[in-house]
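**Student:** This is the structure, below, for whatever I ask next.
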10 protein chains.
Amino acid sequence: MLFQVRMQIIIPHDADRAIVQQLSATELALAQKFQHDGKWLHIWRVVGEWANVSIFNVDSIDELHDILTSLPLFPFMELEITPLCKHPAAVN
Amino acid sequence: MLFQVRMQIIIPHDADRAIVQQLSATELALAQKFQHDGKWLHIWRVVGEWANVSIFNVDSIDELHDILTSLPLFPFMELEITPLCKHPAAVN
Amino acid sequence: MLFQVRMQIIIPHDADRAIVQQLSATELALAQKFQHDGKWLHIWRVVGEWANVSIFNVDSIDELHDILTSLPLFPFMELEITPLCKHPAAVN
Amino acid sequence: MLFQVRMQIIIPHDADRAIVQQLSATELALAQKFQHDGKWLHIWRVVGEWANVSIFNVDSIDELHDILTSLPLFPFMELEITPLCKHPAAVN
Amino acid sequence: MLFQVRMQIIIPHDADRAIVQQLSATELALAQKFQHDGKWLHIWRVVGEWANVSIFNVDSIDELHDILTSLPLFPFMELEITPLCKHPAAVN
Amino acid sequence: MLFQVRMQIIIPHDADRAIVQQLSATELALAQKFQHDGKWLHIWRVVGEWANVSIFNVDSIDELHDILTSLPLFPFMELEITPLCKHPAAVN
Amino acid sequence: MLFQVRMQIIIPHDADRAIVQQLSATELALAQKFQHDGKWLHIWRVVGEWANVSIFNVDSIDELHDILTSLPLFPFMELEITPLCKHPAAVN
Amino acid sequence: MLFQVRMQIIIPHDADRAIVQQLSATELALAQKFQHDGKWLHIWRVVGEWANVSIFNVDSIDELHDILTSLPLFPFMELEITPLCKHPAAVN
Amino acid sequence: MLFQVRMQIIIPHDADRAIVQQLSATELALAQKFQHDGKWLHIWRVVGEWANVSIFNVDSIDELHDILTSLPLFPFMELEITPLCKHPAAVN
Amino acid sequence: MLFQVRMQIIIPHDADRAIVQQLSATELALAQKFQHDGKWLHIWRVVGEWANVSIFNVDSIDELHDILTSLPLFPFMELEITPLCKHPAAVN
């Protein structure tokens, strides 16, 4: 079951930079774990933004919710989530 | 060079349905050709819409423009185009 | 797997009214069939609009897409789709 | 008398986390009480957000106002409220 | 039970003017009937627009829906509906 | 001369609550004085919001400006102001 | 009593051009009459648009409504109306 | 060369009020100087807002930029700037 | 005096294609004339759209207005116009 | 490969002004270096805003991302990025 997720990170300018860097490092490791698990199929950086476009492959909506809310930067994210189907023109 | 493209098809209600179906068939064949050529990496249907989310891999912005404007349904499309970079957390 | 769907019907003023009424009747019968099948859990009319708020219970995103695009008035709909999870405060 | 309410919780990043957690716990208990009273018919979590979609069944607009403003997290909520009618296609 | 309703009339430029005038005349008579019945408490013209701001006093949301959809110009209206409560500062 | 005014109160979460309560009390008294003076014809609470919909009857635009800016909570308000005319369908 | 009005003219592409030109000519004459009467204080063309920014000086909101709806192109206008006061920094 | 400028002043609630008042006084004096110089032709207060609508008559875009950025409250302004032409219906 | 102009061409689907092609050809020739005259400094195609981003160098706002409204496709354009100054970091 | 970038600088009112000035000075030097390198083709100030419109000429989307995120004021920027093609009417 596929979902496109656009994650935008918005850090308040008076947040503690050391904490944010620590959260970012943990986030990167966790993002790679979810990729190795086959849950996070793709992640691309949006040019000129602290943002990414990602494709998730999950068993349920609840699983997607658990993954997203487990991310350390989740409290600083704006998310746009689009449920996806197979397209009749897709060759794969 | 990667671009995400969201294509939304909007057909006026008084358009000639036979012509639209013919354009759609040609479009499907062309979309598959661009996939086989490695230019159109992914295409997913957006649930509940005559719309798709796609990833293109092109050599230049002009090439992307030529591909998009060659699509038979292009006059009926609203397009959102997002240039993408490699993400530091991507494992592939 | 639950989705909230808001359907807004927008009929162009120069559409054939007899055809629209026929589509509406077929739509009503189909909406009741999907309710009896347990796929369409709730449907409420939005006050002052030709619109409804509905809750669907489907096995997959593709099934939701098939249901929505099978509705006779689908070409006249604007849809807003929200994937839903179980809420920790829900008593049922 | 039915109303759909979408509640979005927005906590400023420099709010006191202990106080917010305490408010959340009180909120959960109160939400369950209103469900047992038959006032709060449904509550679903919106995927990837600290938000819910709810259906309220109240005797008056004032009663809905009193319920919503009694919620401990009300000062941190953005609310969208939609009055609902019975739908002619509803089987229940 | 009070609702504020803002009605904006939008007539397509190729609509039949004679029919629109006839609908407007019927609408005016019906609006006055609902005022005499105590259902339509206030109606004001918005300056520079074919629009009004109105206050309705109804027994239920369904009654409001029935009144609004009975108006002859309803198919040409955009409606904004706001449920209202008694205000603690109101002297009446 | 009639104006509809929608007032939305937005208090920053780190404002001094005691001061805000004091301003609110003064505001309530002033709102009642303007009602007794016949300047503030109606005030209704918008459900689920710290907001109201009001109708003012003033001699000039400057008088309306003076009334609104004299309100103690004015610095925390977002205002939408709509000039109103007599409606041809109004029975009063 | 001053109002700023922004008028945007939007002509459907299938409107009768001869009629529109005739309406425009009548409109120009009427706009000059209202200027000579001291009701229409200023009119400026917005660059690159069939639009103007105007200042009206009227005795009442109803008078402004009557002037605007008397304009031959009114059915093709989108209007934005802003009530204005004297500014404390104005030297005139 | 004429430009319409709409200036909206937005003061953060935790700004130093004494400094803001001092800036406002300096701003008022400067606004009057630019009026006497013939650069700032008109200034009107927008009802119910800390905002104005102004007309500037300048020799170049750079001159307009220098005037606007010299205003003491410029860091607290949101500006909308519209280049204006002579209108064919203008009698002056 | 520099202005950035974004031109978006929107052709109604039932417009006469032969006329539109003729207008486009005339437009291209005129755009090149204005470039040779030094009035139209730059023109770039926006990827995936019938739109361009252009820079104009004109003597007055009225000259810009005359150029834009002389373009054959002007009735089908949506324009966004941004007045530009010299930037302190510009090396040319 | 050309991109138009609109950069808007938004400095929180409680930021350290000395630091911001230092970042601005470094930014100016870096902007000039990228211009001398032929990467930053044009930069214009938007009138009345701490904003610029720029044209970049880069070898890849990743190079554009690296340039933009290397700017000292990047954390305070809102960016709009538009990929550009050669226009058929361009004479150069």
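**Student:** If a residue must be among the charged types (D, E, K, R) and over 22 Å from residue A:62 (Cβ atoms), how many such residues does segment C:47-92 contain?
**Tutor:** 3
**Student:** If you don't mind, another one. Could you please give the count of residues in segment F:1-53 that are polar (S, T, N, Q), over 10 Å from the mean Cα position of the chain (by Cα) and closer than 18 Å to residue F:67 by Cβ? Show your work before the answer.
**Tutor:** Quick first cut of segment F:1-53, residues polar (S, T, N, Q) only: F:4, F:8, F:21-22, F:24, F:26, F:32, F:35, F:52.
Still in the running and over 10 Å from the mean Cα position of the chain (by Cα): F:21-22, F:24, F:26, F:32, F:35.
After this cut, where a residue has to be closer than 18 Å to residue F:67 by Cβ as well, the list is F:24, F:26, F:32, F:35.
Number of matching residues: 4.
**Student:** Let me ask something else. Please work out which one of (1) under 15 Å from residue A:84 (Cβ atoms); (2) away from chain A (no Cβ under 14 Å) is the condition residue B:49 fails and give its number.
**Tutor:** Exception for residue B:49: condition (2).
**Student:** Give the residues of segment C:54-63 that are over 21 Å from residue A:68 (Cα atoms) and away from chain D (no Cβ under 14 Å), sorted by residue number.
**Tutor:** The answer is C:58, C:59, C:62, C:63.
**Student:** Follow-up. So which residues in segment E:83-92 are in contact with a His (Cβ under 8 Å, 6 or more places away or on another chain) and not in a loop (DSSP other than H, G, I, E, B)?
**Tutor:** Selection gives E:85 alone.
**Student:** For segment I:33-40, does any single residue satisfy the condition of being of a type outside the set (Lys, Arg) and within 30 Å of residue B:10 (Cα to Cα)?
**Tutor:** no
**Student:** So which pairs qualify, if the first residue must be in segment F:1-29 and more than 9 Å from every other protein chain (Cβ to nearest Cβ), the second must be in a helix (DSSP H, G or I), the Cβ gap must be under 7 Å, and the two must be at least 6 apart or on different chains?
**Tutor:** F:9/F:76; F:10/F:76
**Student:** Moving on. What pairs come up if the first residue lies in segment I:64-84 and is over 10 Å from residue I:7 (Cβ atoms) and within 11 Å of chain J (Cβ to nearest Cβ), the second is at pLDDT 95 or above and in a helix (DSSP H, G or I), and their beta carbons are under 7 Å apart, counting only those six or more places apart or on different chains?
**Tutor:** I:83/H:61; I:84/H:61
**Student:** Filter segment I:54-92 for residues that are among the small types (Gly, Ala, Ser) and more than 12 Å from the chain's Cα centre (by Cα) and give the result.
**Tutor:** The first filter runs over segment I:54-92 and keeps only residues among the small types (Gly, Ala, Ser), leaving I:54, I:60, I:70, I:89-90.
Selection gives I:60, I:89, I:90.
The values are calculated or read from the model by the stated rules, or taken from the named source; none is laboratory data. Being a predicted model, the structure only gives us computed values, none of them experimental. Note that each Cβ is placed from the backbone with ideal geometry, even for glycine, and that neighbours are counted across all protein chains shown.
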